[in-house]
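Reviewing the structure listed below.
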Amino acid sequence: MFKKNKHGIQVKTPEQLEKMRAAGLVVGRTLELLRNTVQPGMTPLDLDAVAEEAIRAEGAIPSFKGYQGYPATICASVNDEVVHGIPTDARKLREGDIISIDCGAILDGWHGDSAITIPVGEVDPKLTELMRVTEEAMWRGIAALTVGRHLSDVGFEIERYVRRQGRYGIPQEYGGHGIGTEMHMDPWVANHGRPSRGPRFEAGMCLAIEPMVNLGTDRTRVLADEWTVVTLDGKPSAHFEHSVAVTHNGPWVLTALDGGRARLSELLGAGVSGDGAEPGDEGVRR
């Protein structure tokens, strides 16, 4: 029922991709709701409640809650927290903060996973640029998800873009992953490295592409809660992520409300229209 290629990577049928798209849209809509909800004075726990209600209202289940003991619906990482921040009511968001929200949902047995970093009110221009660089690096990595290219091309494109923008840190030990019937599957997707290495992409593969970029060092540490990852120098970090399907005519961004059409049409041009990549031989329906 669940096909894997010779590298052990799950390859989805057209029908399965449609189910992943449905799960991805739950996540995409939830993150847009949170983007419009964040304001000074709220706590990360407030946002967690909003996210859980939104996901369950769509008949889906939060992916993160209970995953390896994780206690919440979202990861909410503020300022120097890179990833996996646990939402609490111990502090309120303040004007000038940035918050990275990672969100996952399961619908009909299939997973969607995406993350955005949101400014809280007006923020320092350096943080605005950090968020821009990180999000654009994600899109450069996504654009590499074309049939025949190699797994390492994603990390190569991400790192190449970030390095050209200035002195930023890319944590080496964190990256993206395969996604489908489980939230985290093979392969692991580095955010750095050399091109043209590893398995070639096939139509039906699905990967979560998620660069994390630090304003300072790439070095991190994990707090005593055994989840929250922070920068070693205390400088802010940003995180963006989308779940993406490989099709014969380019990437289909499952967690983007427009399927990635707007950004990928600029990066890839031909073949990207409608709800993302045009279907190819795999017969993906819209």
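The values are calculated or read from the model by the stated rules, or taken from the named source; none is laboratory data. The model shown is predicted, which means the values in this text are computed figures rather than measured ones. Because the Cβ atoms are built from the backbone with ideal geometry, glycine has one as well, and the counts that use them run over all protein chains shown.
Worth a mention:
- Some residue of the range 174-181 being within 14 Å of the chain's Cα centre (by Cα), buried (at least 23 other Cβ atoms within 10 Å of the Cβ) and among the hydroxyl-bearing types (Ser, Thr, Tyr): no
- Which listed residue is in a helix (DSSP H, G or I), touching a helix residue (DSSP H, G or I) at 6+ places or on another chain (Cβ under 7 Å) and of a type in the set (Gly, Ala, Ser), from GLY112, GLY141: GLY141
- Number of residues in the range 50-100 that are assigned to a helix (DSSP H, G or I) and in contact (Cβ under 8 Å) with a residue 12 or more places away in the chain equals 6.
- When residues of the range 251-286 are limited to those that are assigned to a loop (DSSP other than H, G, I, E, B), more than 20 Å from ILE179 (Cα to Cα) and hydrophobic (A, V, I, L, M, F, W, C), the one modelled with the lowest pLDDT: ALA270
- The set of residues in the range 1-20 being in a strand (DSSP E or B) and not polar (S, T, N, Q) consists of LYS3, LYS4, VAL11.
- Annotation: of all residues in the range 212-232 being in contact (Cβ under 8 Å) with a residue 40 or more places away in the chain, in contact with a Lys or Arg (Cβ under 9 Å, 6 or more places away or on another chain) and in a loop (DSSP other than H, G, I, E, B), the one that is surrounded by the most Cβ atoms within 10 Å (Cβ to Cβ) is LEU215.
- Breaking point among (1) under 17 Å from VAL120 (Cβ atoms); (2) modelled with pLDDT under 95; (3) not hydroxyl-bearing (Ser, Thr, Tyr), for GLY8: (1)
- The range 202-211, residues that are touching a helix residue (DSSP H, G or I) at 6+ places or on another chain (Cβ under 9 Å), in a loop (DSSP other than H, G, I, E, B) and over 19 Å from TYR161 (Cβ atoms): GLY204
- Only one of ARG163, ARG132 that is free of Cβ contacts under 8 Å to residues at least 12 places away in the same chain, within 16 Å of the chain's Cα centre (by Cα), farther than 23 Å from VAL246 by Cβ and surrounded by fewer than 17 Cβ atoms within 10 Å (Cβ to Cβ): ARG132
- On the stretch given as the range 101-129, residues that are free of Cβ contacts under 8 Å to residues at least 60 places away in the same chain and more than 25 Å from LEU223 (Cβ to Cβ) total 4.
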